[in-house]
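Trainee: This structure is in structure tokens; I'll ask about it shortly.
Every read-out reported here was derived from the displayed coordinates using simple, explicitly stated rules and does not represent laboratory data. From a predicted model like this one, the values you see are computed outputs, not experimental measurements. Every residue, glycine among them, receives a Cβ derived from its backbone with ideal geometry; neighbour counts consider all protein chains shown.
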Amino acid sequence: MTAGRSGAQRIGVIGAGVMGADHVNTLTTAISGAVVSAVSDVDLERAKAVAAGTSDAAVFDDPRQLIISPDVDAVLVASSDRTHEEFVLACIAAGKPVLCEKPLAPTEAGCWNVIDAEVVAGRRLVSVGFMRRYDAGYAELRRIVAEGELGAPLALHNVHRNPTCPPNQPSAMLVTGSAVHEIDATRWLIGEEIVSVAGFAPRRSSLVVGDTQDPLFLVLQTTGGTLVDVEIFVNAQYGYDVRCELVAERGAVTLDAPAPTVSRNASAVGRAIAPDWRQRFSDAYRRELQDWVDRLADGSGLRGASAWDGYAATAVAQTVLAALASGERRPVVLREQPALYRRCHPPQE
Ligand code: ISE
């Protein structure tokens with residue numbers, strides 16, 4: 001892999017919205033061995049504003065020009081979900097590693113196009129931004145499962161709450177944009193594929209602006225029979241709250257939001273709660289980016305979620321939507337895993 005004269009990986013960032021801007025800031029201030037060399041966005045002024053926070057990033061209005069720029073070694077895609085497939089495919093065609101924010105693509109067919117292209121390229125270029133894999137709490141849960149410390153995993157209870165969502169957000173996005181994290185985390189924590197799903201739409205919160213169905217409940221089952229419930233509630237008002245409890249044969253472990261301080265005041269004990277996912281998972285994002293940059297530099301092979309993981313997560317999410325629409329539990333049918341992924345990164349990697 002080539003790198004700039006300084007030896008740093010030159011990263012081009014596509015998308016200068018909330019997540020793109022956050023990644024540019026993290027790459028610029030907290031990651032060693034990388035510089036942001038280019039930024040693009042549909043809104044050129046927004047791209048310029050974000051690039052202004054870097055040492056000298058070029059601004060592109062056409063992401064395709066950014067991808068083929070000789071000053072870009074690797075690409076981070078943080079544009080809107082429906083554009084991911086196109087830009088990831090262009091990166092593969094240019095032979096450049098790409099870290100794509102989740103979802104890899106909102107449709108199974110879109111994810112499969114990426115897999116096809118990567119298989120033809122014959123090497124792993126694509127990583128998917130399932131950053132919870134880099135969160136210390138999730139990593140500890142995974143270790144406990146993998147080492148069998150508490151026996152077999154029987155159940156996972158998950159809570160995923162955002163304070164608010166945009167007015168009239170499509171209800172499907174609660175699954176494809178939010179629950180997709182629990183879907184990936186389940187596969188990664190338990191080390192098994194999800195084989196069946198069910199979805200439930202309870203009473204809608206009256207505080208939802210528009211017609212989004214919120215909350216939603218999901219039930220997932222893995223090949224070994226672990227049952228996983230997920231509450232997705234994106235208008236919970238009070239903050240960003242992600243929790244997970246593993247129930248195993250000989251004990252249970254709860255993952256809760258880390259808080260540096262506990263306050264005691266007015267006859268109550270309280271911990272601060274993050275306003276959104278950027279604060280809650282800031283360490284995980286930093287570790288994810290540092291690991292990606294380090295592995296680009298030393299050529300030791302990419303870790304983190306692969307295109308196969310991105311495909312599997314979207315396939316499960318789409319089956320959840322079908323289950324919600326039909327009111328029935330549905331089997332998840334995955335295509336056969338290409339040898340590239342069996343060799344390089346099995347599901348639990
Ligand atoms: C948001 O788009 C994210 O990416 C967050 O990781 C997720 O937790 C949140 O629910 C989504 O709205």
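Trainee: Could you work out how far the C-alpha centroid of region 210-225 sits from that of region 20-79, in angstrom?
Mentor: Here the answer is 35 Å between Cα centres.
Trainee: Return the loop-located trypsin sites (Lys or Arg not before Pro) in region 137-219 (DSSP other than H, G, I, E, B) with at most 16 other Cβ atoms within 10 Å of their own Cβ; answer none if there are none.
Mentor: Here the sparse-neighbourhood loop sites are R203, R204.
Trainee: Run the dipole for region 264-306 about the Cα centre, Lys and Arg Cβ at +1, Asp and Glu Cβ at -1, nothing else charged, and hand back the magnitude in debye, nearest 20.
Mentor: Result for region 264-306 is approximately 300 debye, rounded to the nearest 20.
Trainee: Report the equivalent ellipsoid semi-axes for region 183-318 in whole Å, largest first, defined as the square roots of five times the eigenvalues of the gyration tensor built from alpha carbon atoms.
Mentor: On the way: eigenvalues 155, 114, 62 Å².
Equivalent-ellipsoid dimensions as semi-axes: 28, 24, 18 Å.
Trainee: Calculate one ³J(HN,Hα) per residue across region 204-217 by plugging θ = phi - 60° into the Karplus curve 6.51 cos²θ - 1.76 cosθ + 1.60, and present them in order as whole Hz with x for glycine and proline.
Mentor: 6, 5, 6, 8, 5, 8, x, 10, 4, 7, 8, x, 10, 10
Trainee: About its Cα centre, what dipole magnitude does the chain give when the only charges are +1 on Lys and Arg Cβ and -1 on Asp and Glu Cβ, stated in debye to the nearest 20?
Mentor: Numbers: 33 positive and 42 negative charges, 74 e Å.
Around 360 debye, computed over the chain.
Trainee: Then there is this: Which log10 I(q)/I(0) values, to two decimals, does region 78-215 give at q = 0.10, 0.17, 0.20 Å⁻¹ under the Debye formula with one point per Cα?
Mentor: -0.44, -1.10, -1.25
Trainee: Name the residue from G148, W112, Q279 whose Cα lies farthest towards the positive end of the charge dipole of the chain, charges +1 on Cβ of Lys and Arg and -1 on Cβ of Asp and Glu.
Mentor: Farthest along the dipole direction, towards plus: G148.
Trainee: Give the Cα extents of region 1-76 along the principal axes, in whole Å, largest first.
Mentor: 31, 26, 17
Trainee: What list of ³J(HN,Hα) values in whole Hz, one per residue of region 229-238 in order, does the Karplus curve 6.51 cos²θ - 1.76 cosθ + 1.60 (θ = phi - 60°) give from phi, with Gly and Pro shown as x?
Mentor: 10, 9, 9, 10, 9, 9, 10, 6, 6, 8
Trainee: Okay, next question. Quick check of the Kirkwood formula: for region 267-349, what is the inverse mean of 1/r over all pairs of different Cα atoms, in Å? If you can, show how the numbers build up before the last one.
Mentor: Working: mean 1/r = 0.0612 Å⁻¹.
The answer is 16.3 Å.
Trainee: Now a separate question. Loop only per DSSP, at most 14 neighbouring Cβ atoms within 10 Å: give me the GluC sites (Glu not before Pro) in region 103-173, ordered by residue number.
Mentor: E147, E149
Trainee: Which of the DSSP-defined H helices in the chain satisfy a minimum axial length of 27 Å, computed from C-alpha atoms, and a minimum mean Kyte-Doolittle hydropathy of 0.0?
Mentor: The answer, listed by residue number, is 307-326.
Trainee: If packing is taken as the mean number of other Cβ atoms within 10 Å per residue, what is the order of 190-198, 27-35, highest first?
Mentor: 190-198, 27-35
Trainee: Please report the Cα spread of the chain along all three principal axes, rounded to whole Å, starting with the longest.
Mentor: Over the chain, Cα extents along the principal axes are 54, 54, 41 Å.
Trainee: Report the trypsin sites (Lys or Arg not before Pro) located in region 258-349 that are in a DSSP loop and have at most 13 other Cβ atoms inside 10 Å of their Cβ, or state none.
Mentor: Taking region 258-349 and a limit of 13 other Cβ atoms within 10 Å, the loop trypsin sites (Lys or Arg not before Pro) found are R329, R335.
Trainee: Springs between alpha-carbon pairs under 10 angstrom, Gaussian network model over the chain: which of D214, D73, D116 fluctuates most?
Mentor: D116
Trainee: I've got another one for you. Just for the Cα atoms in region 92-168, what are the lengths along the principal axes, largest first, rounded to whole Å?
Mentor: 45, 41, 22
Trainee: Whole Å is fine, so just give me how far the alpha carbon centre of region 137-156 lies from that of region 274-349.
Mentor: 19
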